[in-house]
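Visitor: Sharing a structure with you now.
The values are calculated or read from the model by the stated rules, or taken from the named source; none is laboratory data. All values derive from a computational prediction rather than experimental measurement. Heads up, the Cβs are rebuilt from the backbone with ideal geometry, glycines too, and the neighbour counts pull from every protein chain shown. What goes into the accessible areas is simple: the full protein's heavy atoms, side chains included, and nothing from ligands, DNA or RNA. Shrake-Rupley method; radii C 1.70, N 1.55, O 1.52, S 1.80 Å.
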Amino acid sequence: MSEFTVGGLQIDRIAEFGGPFPLQDFLIGLPKGAFDQEADWLGPDYFDKASGLVILSSHSWVIRTRHHKVLIDTCVGNHKPRPIPAFNQIETPYIARLAAVGLSPDDIDFVMCTHLHFDHVGWNTRLENGRWVPTFSNARYVFGSREFENIQALAFSPDPHGEGIIYNDSILPVVESGQMVLAEDGYALDDNLVMEASPGHTPGHMVIRAKGQGKTGLFAGDVIHHPLQAKYPDVNTMFCADPELASATRRRYLGECADHGHLLIPAHLGAPHYGRISRDGDAFRFHPGHE
Ligand SMILES: [Zn+2]
């Protein structure tokens, strides 16, 4: 049995890790005391009152359409050298958790990355005899073409800020194996899944729109990181590349969810990890889960 469905499509979550995160000033420009003010509806799934830390999650989504098994975003990955200590050389039973929903890596037909930050591409590859090889050997890996050009440019810039490492261990092996597919805005994987341009967090960020039986779920990646951004839609994270564009994109998707009842399924929300949206004046309200 799957975790939930969107219009008949089975959806499962593959957890990597989650909990309170020591990310100082993670949400930029949030009014002082906002977390404490909203603690009643936020906690304990979205805010750890005791420590004052924000709750975040790292997970992938698996969608089973009539034709394909599709993995969306691939977390941080095992054994990867990363500059942030909490993400450096981690080891989690991610593949066992995939097995727990009845899938082996070879069963995955498509991997779709909303964008190419390190926490969305990690399990693209795994370490085998000292080499990074594609984890999902039968899959095509779909990346937004603008996003790929951007990480390539950063990786080969004189001051790559770590993108060179990410490119080499999590992207390049997929390019070399011939498994990469580059997608433009509107790329349709099958009659259920479409990738669409949603720039701001990164220049080439893509939302994956899942449709079935008149229902829609939006796999929104990092368009929104935390439920508090429904109330404060113009508040971005320290990781959003173009703050103004990130806000505009967030407002566009929150508005669409509110007006059409779409399910919002981002990459980092605490449990239950997805929700619905309603309008509240010029801002929005987040409603965890289906209701
Ligand atoms: Zn992310």
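Visitor: Restricting to bridges with both residues inside segment 87-193, how much of the DSSP beta-bridge set is antiparallel, in percent to the nearest 5?
Guide: Restricted to segment 87-193, the bridges split so that about 35 percent are antiparallel.
Visitor: Given DSSP loops and a limit of at most 15 other Cβ atoms within 10 Å, what is the longest stretch of the chain that contains no such chymotrypsin sites (Phe, Trp or Tyr not before Pro)?
Guide: Between exposed loop sites, the widest span is 1-155.
Visitor: A further question follows. Kindly state, to the nearest 0.05, the FRET efficiency for Asp36 paired with Gln10, given R0 = 30 Å and r defined as their beta-carbon distance.
Guide: 0.20
Visitor: Tell me the Rg and the Dmax, in Å, that the Cα atoms of the chain produce.
Guide: Calculated on Cα positions, Rg and Dmax stand at 17.9, 56 Å.
Visitor: Over all directions, how big on average is the projection of the convex hull of the alpha-carbon atoms in segment 251-291, in square nanometres?
Guide: 2.7
Visitor: Is it possible to state the helix-based mean residue ellipticity at 222 nm for the chain, with each DSSP H run of 4+ residues giving -39500 (n - 2.57), the sum divided by total residues, to the nearest 500 deg cm²/dmol? What is it?
Guide: Roughly -5000 deg cm²/dmol at 222 nm, from the helical runs in the chain.
Visitor: Need the C-alpha centroid separation for segment 188-260 versus segment 44-121, integer Å.
Guide: Centre-to-centre distance over Cα atoms comes out at 18 Å.
Visitor: Could you work out how much longer the chain between Val181 and Ser145 gets when fully extended? Use 0.36 nm per residue separation minus the Cα distance between them, nm to one decimal.
Guide: 12.1 nm
Visitor: Tally the DSSP beta bridges in the chain and give the antiparallel ones as a percent, rounded to 5.
Guide: Of the beta bridges lying entirely in the chain, close to 80 percent run antiparallel.
Visitor: Report, for segment 15-167, the % of DSSP beta bridges that are antiparallel, rounded to 5.
Guide: Of the beta bridges lying entirely in segment 15-167, close to 75 percent run antiparallel.
Visitor: Follow-up question, since we're still on this one. Might you work out the accessible area of Ser157 for me, using a 1.4 Å probe with all protein chains in place, and round it to the nearest 10 Å²?
Guide: About 40 Å², ignoring ligands and nucleic acids.
Visitor: Rounded to a whole number, what is D in µm²/s for segment 41-159 from Stokes-Einstein with the Kirkwood radius over alpha-carbon pairs (25 °C, 0.890 mPa s)?
Guide: In µm²/s, the coefficient rounds to 153.
Visitor: Simple spin-label model, 7 Å along Cα-to-Cβ: Arg131 to Lys215 in nm?
Guide: 4.4
Visitor: In nanometres, what is the gap between the two model label sites at Asp107 and Phe156, each 7 Å from Cα along Cα-to-Cβ?
Guide: With each label point 7 Å from Cα toward Cβ, the separation is 3.9 nm.
Visitor: Further question: Please give every one of the lysines within straight-line cross-link reach of Lys80, meaning a C-alpha to C-alpha distance under 29 Å, and leave out same-chain neighbours fewer than 8 residues apart.
Guide: Hits, sequence-local ones excluded: Lys69.
Visitor: Same structure, new question: Within the chain, what whole-number % of the accessible surface is contributed by carbon and sulfur, with the 1.4 Å probe and all protein chains included in the calculation?
Guide: Carbon with sulfur: 51 percent of the solvent-accessible area.
Visitor: For labels at Asn88 and His290 in the simple 7 Å Cα→Cβ model, what's the distance in nm?
Guide: 4.4
Visitor: Counting other C-beta atoms within 10 Å, and keeping those with at most 16, which DSSP coil trypsin sites (Lys or Arg not before Pro) do you find in segment 1-101?
Guide: Sparse-neighbourhood loop trypsin sites (Lys or Arg not before Pro): Lys32, Lys49, Arg66.
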